[in-house]
Amino acid sequence: MARVSLKGVRKSFGTADVIKGVDIEIEDGEFVVFVGPSGCGKSTLLRMIAGLEDITDGTLEIGGRVVNDVAPKDRGIAMVFQTYAIFPHMTVRENVAFGLTIKGVPKAEKAEKVAAAARILQMEHLLDRRPSQLSGGQRQRVAIGRAIVRDPAVFLFDEPLSNLDAALRMDMRLEIGKLHQQLGATMIYVTHDQVEAMTLADKIVVLKDGKVMQAGSPMDLYHHPANLFVAGFLGAPSMNFISVDTRSVDNGLAMVANAALDPIEVATTGRDIRTGSRAILGVRPQYLVPSATPAEGMLHGKVTLTERLGAETVVEVGLNDGSRVIAAFGEDRILAPGTEIGLAFDPRQAHLFAEGDRP
Amino acid sequence: MASRLTTSNRAGWGFAIPGFALIAIFIVLPFFFAFGLSLTDQRLVSPNPTRYVGLDNYRELLDVTVITLEPQRDEAGELIRDEDGNLEYPKVRDITRSDDYPQYSGMREWFRWQSGQNAKVVIASDVVFMKALVNTLVFVMVVAPVQAGLALVLALLINQRIRGINIFRTIYFMPVVVSIVVVSLLWRFIYSGNDGLLNNLLDALTFGAWQPIDWLGNPSTALGSIMAMSIWQAVGFHMVIWLSGLQTISPTLYEAATIEGASGWQTFRYVTWPGLRNTAVLILIVITMQAFAVFAQINVMTSGGPLDSTQTLVFQAVVRGYGKQDISGGATISVILFLLVLSISLLQRWLTRDRR
Ligand SMILES: Nc1ncnc2c1ncn2[C@@H]1O[C@H](COP(=O)(O)OP(=O)(O)OP(=O)(O)O)[C@@H](O)[C@H]1O
Ligand SMILES: [Mg+2]
C-alpha cells in the first residue's frame, strides 16, 4: 500500500507543454479519479505515474520513494488500459499469469494466484478461453485480473470502461468499487464519465490544459466548486451561468439582479465581488423549481424546449434578458413551448463567481 | 441459377476481362500446354511428327537406382589393389552398357559411397537433372530461413523510432529495386578470382595472408556465393513485409509488457513473434516459391557450372527447352517443379495452420 505524491510535475513533448506543473497528494488506499476535457493531459499524467512517459520536471513519489527514474515494473504499480491490452494469442489463464511468467514464478504459486484473482473477479469459468471468445466486459476483467495478480500498491486505470456499452459499464463500475474495498489498494482512475467519477472517487482531481483546477471529495467539488470551470464541468445537465449586476455587497452577501432576475442575496464566499461590478450567478438545473404563477419566483421567461425523461423533465427557458437556462424538474410535467414560467431557487444553493474566476 | 455476377454486371466484367484474359493466355493456358507437352516427344523445331510417349519423359528424368559393386579379385580370389592400396571395382560403364542389365541402360553414376568392401553407386538416368534438383533444394533450404531471419532482424532494427531511420530503410530496400540481372553482373566483379572486390577485402582484412579464391569458378564455393548474393538482394523486400507486420501490433501490448517488466527477449517472444504469425507464414511461402524459381543469377553468373555445381531446375528447364530444343523435356521439368512447390507450400500451410 502506498501514498502517491506529485510535486511540480511537468511534461513536454518537444516544445508542447502538456502537463504544466501539477501537485497532487494521494493518500494510501485512496480512490482518486482524474477528470477533465479531452486532451487535458489525464492519460499523460497517468502514464507518467506508470513510468511509460518520463517526467520532464518535478518529482513523483510512490510509497515515500522518489521513482522518477525507476522502471515501471519496480514502481509497484499495475495498469489497466482502455483497449484492454490483453495478448490475443494467450488464453485467459496465460494472460492473467503473464507478469508471473515473466518473473519466473513457480507453477504452483502461479496457479494459486491466478485462481485467487479469478475468484475475486468471478471469471473462473473463462480461464481456458481465448480473448477472441470473450465479450468486452470479460476482456476488461481479464486485464484487471492481470493487474491484481501483480499485487500492486497502486492500480492505474485509463478509461477502463469507455469501450463498454452503458449497462455493462454500470456493472463494471460497481465491481471496480467493490474491488477497491476488497483490496484496499490505492487506485488512480482516469475517466470522462462524471458518474464514474462521482460514485467511485474518494477524491476527484479536475484537470484542464495540464493544470489542476481543483482536487477534493466529490461532494466538495459539487457543492463548492473553486471556479467556473469546475462548476460547469461537474453535474449534468451542467450548471447555469447567469450574468448579473452587483447592486451592493455587505457582510459576505451580495445583492445581485438583472433584467430577468429579481434582486436576490447570494453569499460571495470570499470572492472578489464589488458593488457595481458584473458577476456570474451559477445555479444547477436541479435546484430550479417552477413557481405556481409566472409572476412568482426570481427568474422569468418562456419555455423554449421540453425533454420528458419520465422521472425527470428537462426544460430550456429563454429568459426575458435573452439568455437561456436549463431547469431539471424531478417529475414528469407537460410544458408547451411558449408557456410563461417563473423559476425559484434557494440562494444558498447558488454560487456567485467574479469575472476573474474563469480559469 | 443466374446470379447477379453474370447478369447485371456488364461494366464489372468489362473491367475484369482484360485481366482474366491475360492471366488465362499467359499463365493458365501455358501451364496446361506444358503439362500436355511433357507427355510427348515434341521438339522446338523438328521435321518428325509429335508422338505421345506417356510418362517416358518423367521416367527419363527421375529414374534412380543404387547398384552394389563388389571389389575385383584375381584368379586366386585375392582382392586387387592399385598402387595406393585402394580396392578396384568394375567400371559402372560396363554395367550400364551391358546387355545383361537392360534396366540400367543409359544411366550414369551420380555419386557413390563405401559399404564394407563393396561400393554402393547411385546411378541416375539424368545426372544433371538430379544435381539441379539437389542444388535447388539446398538453395531453398538455406536461402528461405536465412533470408527470412535476416529480414526479420533488419525489420526489428528499422522499426525503432530513431532520427534518420528512413535512410537505413532506403538503403536496405535499394537492392530490391535494382534488376537481379544487373545485381548479378555487379557481383561477378565482386566474386572475381583475380582482383575481385571480395578477395581484395579479405586480403586487406588478413594483412595479405589471404589466398584469393575464384568464388564462382570453384565447385565448392560457387553455389554458396550465389546463395549469399541472392539473400542480400531480396532481403530488403522481405524486411518491408516484416515491417508491415510489426506495425500492426498494438503499441499498448508493448506498454502492458513493459509494465509487467518483460525483458527485450521476453517482449519479442510473447508480444512481437505471436503478433507476426500471419506475416511469417506469408513470408515463408513467398520466399520458398521465389527460391525455387532461381534462374537469373545462375544464367548471368555461372550458367550452371563449374561441374554442374550450380545447376538449378528452372535453369535446366530453360537450357533444355530452348538451348537444346527439347521442349518436352523442359516442360517436364516445369511440371515437376510445379508439383514440388505446390506440395511444399501445402505442407507449410498445414504445418503453420491455426491450431485454435
Ligand atoms: N507522444 C506525444 N507526443 C506529442 N504530444 C502528445 C503525445 N501524447 C499526448 N500528447 C498531447 O498531450 C495532450 C494530452 O494528451 P492526453 O492523451 O494525456 O489527453 P487525455 O486527457 O488523456 O485526453 P482523452 O480524454 O482524449 O484521452 C494532447 O494535446 C496530446 O495531443
Ligand atoms: Mg486519455
For a quick check of your reading of the model, give me the residue pairs whose first member lies in segment B:238-250 and is surrounded by fewer than 19 Cβ atoms within 10 Å (Cβ to Cβ), whose second is at pLDDT below 90, with beta-carbon atoms closer than 6 Å and at least 6 apart or on different chains. B:LEU246/B:ASN159
I'm trying to understand the selection: among the residues of segment B:54-71, which are in a loop (DSSP other than H, G, I, E, B), free of Cβ contacts under 8 Å to residues at least 40 places away in the same chain and surrounded by 13 or more Cβ atoms within 10 Å (Cβ to Cβ)? none
Among the residues of segment A:52-84, what is the count of those that are at pLDDT 90 or above, within 16 Å of ligand 1 (Cβ to nearest atom) and closer than 19 Å to A:VAL149 by Cβ? 3
Within segment A:77-107, restricting attention to residues that are at the interface with another protein chain (Cβ under 8 Å from one of its Cβ atoms) and in contact with a strand residue (DSSP E or B) (Cβ under 6 Å, 6 or more places away or on another chain), which residue is nearest to A:LEU164 (Cα to Cα)? A:PHE81
In segment B:246-268, which residue that is in a helix (DSSP H, G or I) and of a type in the set (Val, Ile, Thr) is farthest from the other protein chains (Cβ to nearest Cβ)? B:THR267
Name the residues in segment A:184-205 that are free of Cβ contacts under 8 Å to residues at least 40 places away in the same chain and more than 16 Å from ligand 2 (Cβ to nearest atom), would you? A:VAL195, A:MET198, A:THR199
Looking at segment A:48-63, can you tell me whether even one residue there is open to solvent by 30 Å² or more (accessible area, probe 1.4 Å), of a type in the set (D, E, K, R), over 25 Å from B:VAL271 (Cα atoms) and in contact (Cβ under 8 Å) with a residue 40 or more places away in the chain? yes
Condition met for A:PRO152 (within 14 Å of chain B (Cβ to nearest Cβ), within 16 Å of ligand 1 (Cβ to nearest atom) and either closer than 22 Å to A:GLU124 by Cα or open to solvent by less than 10 Å² (accessible area, probe 1.4 Å) (or both)): no
Residue in segment A:14-26 that is most open to solvent (accessible area, probe 1.4 Å), counting only those that are in contact with a Lys or Arg (Cβ under 8 Å, 6 or more places away or on another chain) and more than 14 Å from ligand 1 (Cβ to nearest atom): A:ASP23
Determine, yes or no, whether A:ASP74 is among the charged types (D, E, K, R), within 9 Å of chain B (Cβ to nearest Cβ) and over 26 Å from the mean Cα position of the chain (by Cα). yes
As an exercise: evaluate B:GLY193 against (1) among the small types (Gly, Ala, Ser); (2) touching a residue at least 40 places away in the same chain (Cβ under 8 Å); (3) part of a loop (DSSP other than H, G, I, E, B) and give the number of the one condition it does not meet. (2)
Assess whether A:VAL9 counts as being of a type outside the set (D, E, K, R), within 19 Å of A:GLY76 (Cα to Cα) and more than 16 Å from ligand 2 (Cβ to nearest atom). no
Of everything in segment B:109-128, what is open to solvent by less than 30 Å² (accessible area, probe 1.4 Å) and more than 10 Å from B:LEU69 (Cβ to Cβ)? Give them in sequence order. B:VAL122, B:ILE123, B:ALA124, B:ASP126, B:VAL127
Let me spell it out: the conditions are (1) more than 25 Å from A:GLY136 (Cβ to Cβ); (2) more than 16 Å from ligand 2 (Cβ to nearest atom), and A:ILE86 meets all of them except one. Which number is the exception? (1)
Mind checking which helices (runs of 4 or more DSSP H) fall wholly inside segment B:77-188 and carry at least 1 residues that are modelled with pLDDT of 85 or more? B:127-158, B:165-177
The one condition in (1) part of a loop (DSSP other than H, G, I, E, B); (2) within 12 Å of ligand 1 (Cβ to nearest atom) that A:LEU46 fails to fulfil: (1)
Being touching a Gly at 6+ places or on another chain (Cβ under 6 Å) and either within 20 Å of A:ARG75 (Cβ to Cβ) or among the β-branched types (Val, Ile, Thr) (or both) is the filter here; which residues of segment A:155-185 pass it? A:GLY184
Which residue is nearest to ligand 2 (Cβ to nearest atom), if the candidates are limited to segment A:44-59 and must be of a type outside the set (D, E, K, R) and away from chain B (no Cβ under 14 Å)? A:LEU45
With (1) away from chain B (no Cβ under 13 Å); (2) away from ligand 2 (no atom under 16 Å from the Cβ) as the list, and A:LEU161 as the residue in question, which single condition is left unmet? (2)
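This table checks each residue for (1) over 30 Å from B:ASN278 (Cβ atoms); (2) surrounded by fewer than 20 Cβ atoms within 10 Å (Cβ to Cβ); (3) among the aromatic types (Phe, Trp, Tyr).
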site: A:HIS89; (1), (2), (3): no, yes, no
site: A:GLU109; (1), (2), (3): yes, yes, no
site: A:ARG130; (1), (2), (3): no, yes, no
site: A:SER135; (1), (2), (3): no, yes, no
site: A:ARG146; (1), (2), (3): no, no, no
site: A:PHE157; (1), (2), (3): yes, no, yes
site: A:LEU174; (1), (2), (3): yes, yes, no
For segment B:294-356, which helices (runs of 4 or more DSSP H) that fit wholly inside it have 2 or more residues that are in contact with a Lys or Arg (Cβ under 9 Å, 6 or more places away or on another chain) and away from every other protein chain (no Cβ under 14 Å)? B:296-301, B:327-351
For A:LYS203, state whether it is among the basic types (Lys, Arg) and in contact with a Lys or Arg (Cβ under 6 Å, 6 or more places away or on another chain). no
Would you mind finding the one in A:GLY29, A:GLY39 that is without any contact (Cβ under 8 Å) to a residue 12 or more places away in the chain, open to solvent by 10 Å² or more (accessible area, probe 1.4 Å) and not in a strand (DSSP E or B)? A:GLY39
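The values are calculated or read from the model by the stated rules, or taken from the named source; none is laboratory data. Every value quoted in this text rests on a predicted model; they were computed, and no experiment measured them. Note: ideal-geometry Cβ built from the backbone for every residue, glycine included; neighbour counts use all protein chains shown. Just the protein is used for accessible areas: all its heavy atoms, side chains included, with ligands, DNA and RNA removed. Shrake-Rupley method; radii C 1.70, N 1.55, O 1.52, S 1.80 Å.
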